[in-house]
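Reading through the structure tokens given below for one structure.
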Amino acid sequence: GAVVSQHPSWVICKSGTSVKIECRSLDFQATTMFWYRQFPKQSLMLMATSNEGSKATYEQGVEKDKFLINHASLTLSTLTVTSAHPEDSSFYICSARRAQGASYEQYFGPGTRLTVT
Amino acid sequence: AQTVTQSQPEMSVQEAETVTLSCTYDTSESDYYLFWYKQPPSRQMILVIRQEAYKQQNATENRFSVNFQKAAKSFSLKISDSQLGDAAMYFCAYSPGATNKLIFGTGTLLAVQP
């Protein structure tokens, strides 16, 4: 159990367009989901914390108007990169925390590679 | 600020040998968790081992064990009987108990030589 999926796994978009990435918990309910960004050969950087039914909490330096996060249900959170630019090209990873169970447990999705041309 | 430092960008070990990856962290919190995650080339994050700060006993998971030195804020990972499948990027991570956010170190790339 505790499977998290992301869709798409790889997306290429043109500069100035928007792209949506989905994160789903397949076999459990997730009250909290986290979004990370990972540049090549670098670590994961937390972008925002998403709680079901409420506004996301963004980390310092992350533009909330550029990275729109919606957590409309207990199994789905979406990250929309608006007006994407080449510098937004990165690997985006989500993780989910169970509604029940140990509070420290996070389950990671397989990631989405975004390339902006 | 809470930070996690991994001072070894790359490490190499012979198959069947033992290797230790270092991690230090900085926090003023008393309630927190520490983790080691493995990221193979597929980039799927895999939890290797977890340590609760309130527990004095070092965590172990089969061939993986940690040396948790709370006063020194040190949390090293020991991999025994290294296998080719252990080759990956290893990230040390810290999580404050109140927020469950994960703060990652910069990672150590482990190569396993046959």
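The values are calculated or read from the model by the stated rules, or taken from the named source; none is laboratory data. The structure presented is a predicted model; accordingly, all values stated were derived computationally and were not measured. As a convention, Cβ positions derive from the backbone with ideal geometry for all residues, glycine included, and neighbour counts pool all protein chains shown. Remember, those area values only see protein heavy atoms, side chains included, never the ligands or the DNA or RNA. Shrake-Rupley method; radii C 1.70, N 1.55, O 1.52, S 1.80 Å.
Take the conditions more than 14 Å from every other protein chain (Cβ to nearest Cβ), modelled with pLDDT of 95 or more and farther than 30 Å from A:Arg113 by Cα and apply them to B:Gln69. Does it pass?
For B:Gln69, the condition - more than 14 Å from every other protein chain (Cβ to nearest Cβ), modelled with pLDDT of 95 or more and farther than 30 Å from A:Arg113 by Cα - is met.
Which residues, counting only those in the stretch A:32-59, are part of a loop (DSSP other than H, G, I, E, B), away from every other protein chain (no Cβ under 11 Å) and open to solvent by less than 50 Å² (accessible area, probe 1.4 Å)? Even if it seems obvious, please write down each step before you answer.
Going through the stretch A:32-59, the residues part of a loop (DSSP other than H, G, I, E, B) turn out to be A:39-43, A:52-56, A:59.
Adding the requirement that they be away from every other protein chain (no Cβ under 11 Å) leaves A:39, A:52-56.
Of everything in the stretch A:32-59, just one residue is part of a loop (DSSP other than H, G, I, E, B), away from every other protein chain (no Cβ under 11 Å) and open to solvent by less than 50 Å² (accessible area, probe 1.4 Å), namely A:Ala56.
I'd like the full set of residues that are under 19 Å from A:Ser5 (Cα atoms) and open to solvent by 70 Å² or more (accessible area, probe 1.4 Å), limited to the stretch A:69-94. Give the derivation first.
Quick first cut of the stretch A:69-94, residues under 19 Å from A:Ser5 (Cα atoms) only: A:69-81, A:90-94.
Scanning the stretch A:69-94 gives A:Asn70, A:Ala72.
Determine whether A:Glu22 is of a type in the set (Asp, Glu), open to solvent by 20 Å² or more (accessible area, probe 1.4 Å) and under 13 Å from the mean Cα position of the chain (by Cα).
Considered against the rule, which asks whether it is of a type in the set (Asp, Glu), open to solvent by 20 Å² or more (accessible area, probe 1.4 Å) and under 13 Å from the mean Cα position of the chain (by Cα), A:Glu22 comes out as yes.
Limited to the stretch B:23-61, what total is found for residues that are over 25 Å from A:Ser95 (Cα atoms) and away from every other protein chain (no Cβ under 14 Å)?
Our first condition is that a residue be over 25 Å from A:Ser95 (Cα atoms); within the stretch B:23-61, this holds for B:28, B:55-58.
Restricting the remaining residues to those that are away from every other protein chain (no Cβ under 14 Å) gives B:28, B:56-58.
Looking only at that region, the number is 4.
Yes or no: the stretch B:2-11 includes at least one residue that is loosely packed, with under 13 Cβ neighbours inside 10 Å and hydrophobic (A, V, I, L, M, F, W, C).
The answer is no, given that none of the residues of the stretch B:2-11 is loosely packed, with under 13 Cβ neighbours inside 10 Å and hydrophobic (A, V, I, L, M, F, W, C).
Give me the pairs: first residue in the stretch A:36-61 and in contact (Cβ under 8 Å) with a residue 60 or more places away in the chain, second residue outside any loop (DSSP other than H, G, I, E, B) and open to solvent by 60 Å² or more (accessible area, probe 1.4 Å), beta-carbon distance under 8 Å, and six or more apart or on different chains, which are they?
As it stands, the answer is A:Gln38/A:Met45, since those pairs meet every condition given.
Just one of (1) at pLDDT below 95; (2) polar (S, T, N, Q); (3) open to solvent by 70 Å² or more (accessible area, probe 1.4 Å) trips up B:Asn62, so point out which.
Here B:Asn62 clears every test but (1).
Just give me the residues in the stretch B:88-102 being part of a loop (DSSP other than H, G, I, E, B) and either at the interface with chain A (Cβ under 8 Å from one of its Cβ atoms) or buried (at least 18 other Cβ atoms within 10 Å of the Cβ) (or both), in sequence order. Spell out how you get there, then give the answer.
Here is the first cut: in the stretch B:88-102, the ones part of a loop (DSSP other than H, G, I, E, B) are B:97-102.
Scanning the stretch B:88-102 gives B:Gly97, B:Thr99, B:Asn100, B:Lys101, B:Leu102.
Which residue pairs have Cβ atoms closer than 6 Å, lie 6 or more positions apart in sequence or on different chains, and pair a first residue in the stretch A:84-108 that is farther than 17 Å from B:Tyr94 by Cβ with a second residue that is outside any strand (DSSP E or B) and modelled with pLDDT under 95?
Hits for this filter: A:Ser90/A:Phe39; A:Arg98/A:Phe28; A:Ala99/A:Gln29; A:Tyr107/A:Ala2.
State all residues of the stretch A:60-111 that are modelled with pLDDT of 95 or more, part of a strand (DSSP E or B) and within 10 Å of another protein chain (Cβ to nearest Cβ); if no residue qualifies, say none.
Result: A:Phe91, A:Ile93, A:Ser95, A:Phe108.
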